[in-house]
Structure formats: structure tokens, C-alpha cells
1. Within the stretch 112-126, is even one residue in a loop (DSSP other than H, G, I, E, B), small (Gly, Ala, Ser) and under 27 Å from Trp174 (Cα atoms)?
2. Taking the conditions exactly as written (open to solvent by 10 Å² or more (accessible area, probe 1.4 Å), in a strand (DSSP E or B) and under 21 Å from Val22 (Cα atoms)), does Trp104 satisfy them or not?
3. How many residues does the stretch 13-52 hold that are surrounded by 21 or more Cβ atoms within 10 Å (Cβ to Cβ), within 9 Å of the ligand (Cβ to nearest atom) and among the hydrophobic types (A, V, I, L, M, F, W, C)?
4. Only residues that are among the hydrophobic types (A, V, I, L, M, F, W, C) and open to solvent by less than 30 Å² (accessible area, probe 1.4 Å): list them for the stretch 75-92, please.
5. Out of Gly84, Gly76, report the one residue that is assigned to a loop (DSSP other than H, G, I, E, B) and within 13 Å of the ligand (Cβ to nearest atom).
6. Can we say Leu96 is part of a helix (DSSP H, G or I), touching a strand residue (DSSP E or B) at 6+ places or on another chain (Cβ under 8 Å) and either open to solvent by less than 50 Å² (accessible area, probe 1.4 Å) or under 22 Å from Pro175 (Cβ atoms) (or both)?
Amino acid sequence: MSAPGSENVVLVGFMGSGKSSVGRLVARTLQGRFVDTDRLVVELAGREITEIFATEGEAFFRQQESRALKSLRGQGGLVIATGGGIVTVPKNVTMLKELGLVVWLSASEEIIWDRVSRNQKRPLLHTPDPRSTVRELLGKRNPLYEQAADLQVDTTHLTHADVAELICKQVKAWPGRK
Ligand code: S3P
């Protein structure tokens, strides 16, 4: 998929759904270039995500996320992992769809919690009751992922390698693939 202009693969889903790990594997198999919008935001802003949230707040972070997506327009052969909240801004959803095939990595609430509770790098979960925050955010966001996505892969019982393999198969069979 390395030819410029060919369709990209865009991974959306909640924190802890495995977008970056799976994205790297998919990029390797499809010989695409892996891009992570969180990393792009950090590069554009010159600061880490926790610092951006602490000093500028979430709204500023969302603006930077939109900028990061915009910077990818017109490029092909990418496998793009996105931040879990990217779908909360409607214009981002439009850009995601324009960029390529949107794949939602879903997972059960229990598995998500199990994965995200292992690290403290996610500012939105720095709340008095992060478990409830996960439940609330999932409730709000799952319908948004569903609307944005062309495909859904339930990752609850799968390894990253399994998920990547499934995605690669689907991408290769996708009718709109250039
Ligand atoms: C966020 C998810 C994070 C990162 C930021 C906000 C969110 O990315 O973009 O902390 O709103 O869900 P991951 O989904 O890669 O953890």
C-alpha cells in the first residue's frame, strides 16, 4: 500500500484498545508508514500530552489533534493510530473518513479498564474515580466510534497480532481499495 494516494488505514477506539501496537503491526504487513496522532500532537506542540492537558487544557489538545489530522491530508500509504477522543470533534470524523478506511478497535469495559489502569499517562483518567470515568466516557464515545467506522474489530479476546491479521485481511479484500 505504499503508493502515495492509495487509501490509508485509520484506527479509532478507546484508550487501551491497542491502536498503536496494532497499527505498527498492520503497517509492517501492508508495507505502509505508521503514524500516531498523539505523537504528531507532541511534535507540533513541542510538549508531552500530560503537559498540554495540564497547562492548556483539553480544548487546546483537541485543536492540536485537528491540526495533526489536517497535516496528513493528501498522503497515502499510511496506517494512522488516533487518540481515543479524536471522534468527539465532528470535523475530525469528516477528516478521518476522508483519510481512508476507518477501523474501530472495540473492547469490553472490563478489558479496557484492565489495560488502562496499568499506566498513569492518560490525563483524562486522573479523576477521583477513574473506573467510573472509563464507564462514562465509553458510554458517550462508543456510538461515535460506531458512526465513524467502516469496520469494527472486537479486540476483547484477541492478541494484537490477531487483530492486526484480521485488519490486514479485511483491508486487502476492501472493495474501495486502490
Ligand atoms: C485521549 C486518549 C489518548 C490521548 C489523550 C486523550 C482521550 O490517546 O490522545 O490522553 O481523550 O481518550 P490513547 O487513546 O492513545 O490513549
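The values are calculated or read from the model by the stated rules, or taken from the named source; none is laboratory data. Quick caveat, the model's predicted, so the values are computed rather than measured. Positions of Cβ are backbone-derived with ideal geometry, glycine not excepted, and every protein chain shown enters the neighbour counts. Please note that ligands, DNA and RNA were not included when accessible areas were found on the heavy atoms of the full protein model with its side chains. Shrake-Rupley method; radii C 1.70, N 1.55, O 1.52, S 1.80 Å.
1. no
2. yes
3. Within the stretch 13-52, residues that are surrounded by 21 or more Cβ atoms within 10 Å (Cβ to Cβ), within 9 Å of the ligand (Cβ to nearest atom) and among the hydrophobic types (A, V, I, L, M, F, W, C) number 2.
4. First, pick out the residues of the stretch 75-92 that are among the hydrophobic types (A, V, I, L, M, F, W, C): 78-81, 86-87, 89.
Once the filter is applied, which keeps residues that are among the hydrophobic types (A, V, I, L, M, F, W, C) and open to solvent by less than 30 Å² (accessible area, probe 1.4 Å), the stretch 75-92 yields Leu78, Val79, Ile80, Ala81, Ile86, Val87.
5. Of the residues listed, the single one that is assigned to a loop (DSSP other than H, G, I, E, B) and within 13 Å of the ligand (Cβ to nearest atom) is Gly84.
6. Spelling it out, Leu96 is indeed part of a helix (DSSP H, G or I), touching a strand residue (DSSP E or B) at 6+ places or on another chain (Cβ under 8 Å) and either open to solvent by less than 50 Å² (accessible area, probe 1.4 Å) or under 22 Å from Pro175 (Cβ atoms) (or both).
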